[in-house]
Amino acid sequence: MTPEELARADLLLDVDGPVATITLNRPEARNAQRPRLWAGIARVLDELDESVRVVVVRGAGGTFSAGLDLGMLDPARAGDDGNLIGTLALDDQAIIDQIDVYQQPFVRLTDPRFISIAVVEGHAIGAGFQLALACDLRIVAEDARFCMKEPALGLVPDLVGTKPLVAAVGYARALEICASARVVSGTEAGEIGLAQAVVPASELDTAVGTMVASLTAHAHGAVSATKRLLQEAPGRTLDEQRLAERTAQVARFRALAGG
Ligand code: CAA
């Protein structure tokens, strides 16, 4: 994407060797998300060079993201592009298909080609929380504030956040967090398995550097294949999973032997 296209999508992109950093860059609106941002992230991920091994997602201005742009829920702006009230003129299937498009960047962040890391400081509300959940790993500031606010607005989380939340913290804790729409601090996120590193906000960059170094230390092919195995494990029987392991290992043997 050109710098102009990235700017229209409220994004910044920096690619430094194997690390691509996508920054939500709408700090004046606390990085509230619009369809143009989702389309932009999907396109950035599609266009990444094969050599990229880690994708870092973060927000400009000290906040990860305040979630859905509330203008999209404003009946007075029903004519605006992407306004969800405006879509009610469509039939149910058309709205379901539209949300499928919006979900695409959240799905693409799980691509086994790379490991995605959300760097969360400030607020991660609603779609912001879900964007953090879409990433494989989360490095968070102690005083970060996660909130799955959708139920408090009469909505459900529909940007691919429910499955990774259950996987990370279990069904009961996920239900409690969503139904209450309460704030989960960065410190608590670490305690309940939502975050893989929790540090003071001033140490986030150092923590990201340390994690990126450890994630890129070993063979790209081995790490990608292992990620795929771990991702697919919950949906398989033991016999199916061990077959997948054997199959992946043969590919690794051949790659190591150069054949
Ligand atoms: N959409 C649009 N604009 C937003 C926004 C949002 N979600 N969040 C903040 N902004 C704007 C504010 O309107 C304000 O704009 P102006 O300067 O023009 O008045 C600016 O960002 C700064 O906001 P605050 O002054 O409120 O900043 P703060 O630092 O004091 O508070 C905040 C930050 C706690 C995130 C607060 O802004 C807030 O609660 N925002 C709303 C969060 C929210 O309800 N998001 C929707 C979640 S549900 C969801 O995402 C739906 C879904 O997936 C289906």
Checklist line | Additional length obtainable on full extension of the chain from L153 to L70, 0.36 nm per residue less Cα span | finding: 28.8 nm
Next item on the list: Quote to one decimal, in nm, the extra length available between Q249 and V15 on full extension: 0.36 nm per residue of separation minus the C-alpha distance between them.
Entry: 81.2 nm
Check: Distance in nm between label sites at Q196 and Y171, each 7 Å beyond Cα in the beta-carbon direction?
Finding: 2.6 nm
Next item on the list: Taking trypsin sites (Lys or Arg not before Pro) as candidate sites, keep only those in a DSSP loop with at most 14 other Cβ atoms within 10 Å, then name the longest stretch of the chain containing none of them.
Entry: 1-181
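We did not get these values from a lab; they are worked out from the coordinates using the rules stated. Computed from a predicted structure; not experimentally measured. Note that each Cβ is placed from the backbone with ideal geometry, even for glycine, and that neighbours are counted across all protein chains shown.
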